[in-house]
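**Student:** A single structure is presented below for examination.
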(Lines give C-alpha, C1' and ligand atoms only; values in the text may rest on other atoms or scores of the structure.)
Protein backbone atom coordinates (compact mmCIF):
# COMPACT_ATOMS: atom_id res chain seq x y z
CA UNK A 1 0.00 0.00 0.00
CA UNK A 2 1.35 3.40 -0.97
CA UNK A 3 0.19 6.96 -0.48
CA UNK A 4 -0.69 9.34 -3.30
CA UNK A 5 2.98 10.27 -3.85
CA UNK A 6 4.08 6.65 -4.18
CA UNK A 7 5.66 6.37 -0.73
CA UNK A 8 5.11 2.88 0.76
CA UNK A 9 2.94 2.66 3.88
CA UNK A 10 2.71 -1.09 4.45
CA UNK A 11 3.21 -4.46 2.78
CA UNK A 12 1.78 -7.91 3.37
CA UNK A 13 2.70 -11.28 1.92
CA UNK A 14 0.44 -14.19 1.06
CA UNK A 15 0.91 -17.52 -0.62
CA UNK A 16 0.71 -17.77 -4.41
CA UNK A 17 -2.66 -19.49 -4.45
CA UNK A 18 -4.24 -17.16 -1.88
CA UNK A 19 -6.97 -14.63 -2.59
CA UNK A 20 -5.47 -11.12 -2.60
CA UNK A 21 -8.88 -9.58 -1.97
CA UNK A 22 -8.95 -11.19 1.46
CA UNK A 23 -5.59 -9.57 2.28
CA UNK A 24 -6.96 -6.01 1.97
CA UNK A 25 -8.22 -6.02 5.57
CA UNK A 26 -4.81 -7.17 6.84
CA UNK A 27 -3.10 -4.46 4.83
CA UNK A 28 -5.45 -1.76 6.11
CA UNK A 29 -4.89 -2.95 9.68
CA UNK A 30 -1.12 -2.97 9.22
CA UNK A 31 -1.12 0.60 7.91
CA UNK A 32 -3.77 1.64 10.51
CA UNK A 33 -5.89 3.13 7.73
CA UNK A 34 -9.17 2.02 9.31
CA UNK A 35 -8.64 4.31 12.33
CA UNK A 36 -7.69 7.23 10.07
CA UNK A 37 -10.76 6.67 7.89
CA UNK A 38 -13.13 6.76 10.85
CA UNK A 39 -11.62 10.07 12.05
CA UNK A 40 -12.33 11.87 8.74
CA UNK A 41 -15.63 13.46 7.84
CA UNK A 42 -17.42 12.53 4.62
CA UNK A 43 -16.01 15.48 2.67
CA UNK A 44 -12.49 14.08 3.15
CA UNK A 45 -13.06 10.38 2.54
CA UNK A 46 -9.97 8.23 2.00
CA UNK A 47 -9.78 6.68 -1.48
CA UNK A 48 -8.39 3.18 -1.99
CA UNK A 49 -7.44 2.64 -5.61
CA UNK A 50 -6.89 -0.90 -6.84
CA UNK A 51 -6.93 -2.77 -10.14
CA UNK A 52 -9.73 -4.90 -11.62
CA UNK A 53 -8.59 -7.97 -9.72
CA UNK A 54 -10.15 -6.52 -6.57
CA UNK A 55 -13.60 -6.03 -8.15
CA UNK A 56 -16.01 -7.74 -5.74
CA UNK A 57 -19.18 -6.47 -4.16
CA UNK A 58 -18.32 -7.59 -0.64
CA UNK A 59 -14.95 -5.82 -0.69
CA UNK A 60 -16.52 -2.60 -1.94
CA UNK A 61 -19.16 -2.78 0.80
CA UNK A 62 -16.61 -3.54 3.54
CA UNK A 63 -14.50 -0.55 2.49
CA UNK A 64 -17.52 1.76 2.42
CA UNK A 65 -18.59 0.53 5.88
CA UNK A 66 -15.30 1.70 7.39
CA UNK A 67 -15.31 5.02 5.52
CA UNK A 68 -13.00 4.25 2.59
CA UNK A 69 -14.10 4.93 -1.00
CA UNK A 70 -13.22 1.95 -3.25
CA UNK A 71 -11.88 3.30 -6.56
CA UNK A 72 -11.83 -0.09 -8.24
CA UNK A 73 -12.62 -0.43 -11.97
CA UNK A 74 -15.35 -2.88 -12.87
CA UNK A 75 -14.41 -6.03 -14.78
CA UNK A 76 -15.66 -6.33 -18.32
CA UNK A 77 -18.40 -8.92 -18.69
CA UNK A 78 -19.91 -10.35 -21.85
CA UNK A 79 -23.26 -8.78 -21.01
CA UNK A 80 -23.35 -5.07 -20.32
CA UNK A 81 -25.20 -4.44 -17.08
CA UNK A 82 -27.08 -1.14 -16.78
CA UNK A 83 -26.28 -0.83 -13.06
CA UNK A 84 -22.51 -1.01 -13.63
CA UNK A 85 -21.15 2.36 -14.72
CA UNK A 86 -17.89 2.68 -16.60
CA UNK A 87 -14.98 3.60 -14.31
CA UNK A 88 -14.37 6.85 -16.23
CA UNK A 89 -17.93 7.92 -15.32
CA UNK A 90 -17.23 7.25 -11.65
CA UNK A 91 -14.00 9.28 -11.81
CA UNK A 92 -15.82 12.19 -13.45
CA UNK A 93 -18.68 12.11 -10.95
CA UNK A 94 -16.36 12.24 -7.93
CA UNK A 95 -13.67 14.41 -9.58
CA UNK A 96 -11.15 11.66 -8.92
CA UNK A 97 -7.68 11.60 -10.50
CA UNK A 98 -6.17 8.14 -10.89
CA UNK A 99 -2.74 7.57 -9.29
CA UNK A 100 -2.22 3.87 -10.04
CA UNK A 101 1.21 4.63 -11.52
CA UNK A 102 2.42 5.55 -8.01
CA UNK A 103 2.19 1.90 -6.92
CA UNK A 104 4.36 0.69 -9.79
CA UNK A 105 6.88 3.45 -9.09
CA UNK A 106 7.01 2.44 -5.41
CA UNK A 107 7.75 -1.17 -6.43
CA UNK A 108 10.61 0.05 -8.60
CA UNK A 109 12.04 2.21 -5.79
CA UNK A 110 11.93 -0.61 -3.24
CA UNK A 111 13.41 -3.14 -5.67
CA UNK A 112 16.23 -0.74 -6.49
CA UNK A 113 17.06 -0.19 -2.83
CA UNK A 114 16.56 -3.80 -1.68
CA UNK A 115 18.05 -5.85 -4.50
CA UNK A 116 17.19 -9.15 -2.85
CA UNK A 117 13.58 -8.48 -3.81
CA UNK A 118 14.33 -8.83 -7.52
CA UNK A 119 14.57 -12.58 -7.07
CA UNK A 120 13.14 -14.33 -4.07
CA UNK A 121 16.24 -15.79 -2.46
CA UNK A 122 14.74 -16.33 0.99
CA UNK A 123 12.92 -19.58 1.63
CA UNK A 124 11.36 -18.48 4.92
CA UNK A 125 8.46 -16.06 4.84
CA UNK A 126 9.78 -14.16 7.87
CA UNK A 127 13.08 -13.44 6.06
CA UNK A 128 11.23 -12.25 2.95
CA UNK A 129 9.02 -9.92 5.00
CA UNK A 130 12.12 -8.60 6.77
CA UNK A 131 13.74 -7.68 3.45
CA UNK A 132 10.54 -5.92 2.35
CA UNK A 133 10.45 -4.03 5.66
CA UNK A 134 14.08 -3.00 5.30
CA UNK A 135 13.34 -1.73 1.80
CA UNK A 136 10.42 0.37 3.09
CA UNK A 137 12.45 1.69 6.04
CA UNK A 138 15.34 2.60 3.76
CA UNK A 139 12.94 4.44 1.46
CA UNK A 140 11.49 6.51 4.32
CA UNK A 141 14.91 7.29 5.81
CA UNK A 142 16.04 8.58 2.43
CA UNK A 143 12.85 10.71 2.12
CA UNK A 144 12.98 12.11 5.66
CA UNK A 145 16.72 12.73 5.92
CA UNK A 146 17.39 13.61 2.29
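**Student:** Among the residues of the range 2-17, write down those that are out of contact with any strand residue (DSSP E or B) (no Cβ under 6 Å at 6 or more places or on another chain) and in a strand (DSSP E or B).
**Tutor:** none
Here is a yes/no grid of residues against (1) in a strand (DSSP E or B); (2) farther than 18 Å from residue 50 by Cβ; (3) modelled with pLDDT of 75 or more:
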position	(1), (2), (3)
75	no, no, yes
103	no, no, yes
116	no, yes, no
120	no, yes, no
126	no, yes, yes
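**Student:** I need the full set of residues from the range 21-46 which are touching a helix residue (DSSP H, G or I) at 6+ places or on another chain (Cβ under 9 Å) and modelled with pLDDT under 85, in order please.
**Tutor:** 33, 34, 37, 45, 46 - these are the residues of the range 21-46 that are touching a helix residue (DSSP H, G or I) at 6+ places or on another chain (Cβ under 9 Å) and modelled with pLDDT under 85.
**Student:** Name the pairs: first residue in the range 81-101 and under 16 Å from residue 48 (Cα atoms), second residue part of a helix (DSSP H, G or I), Cβ to Cβ under 8 Å, at least 6 apart or on different chains?
**Tutor:** These pairs meet every condition: 96/90; 97/91; 98/91.
The values are calculated or read from the model by the stated rules, or taken from the named source; none is laboratory data. None of these values were measured; they are calculated from a predicted model. So basically every Cβ, Gly included, is an ideal-geometry build from the backbone, and we count neighbours across all protein chains shown.
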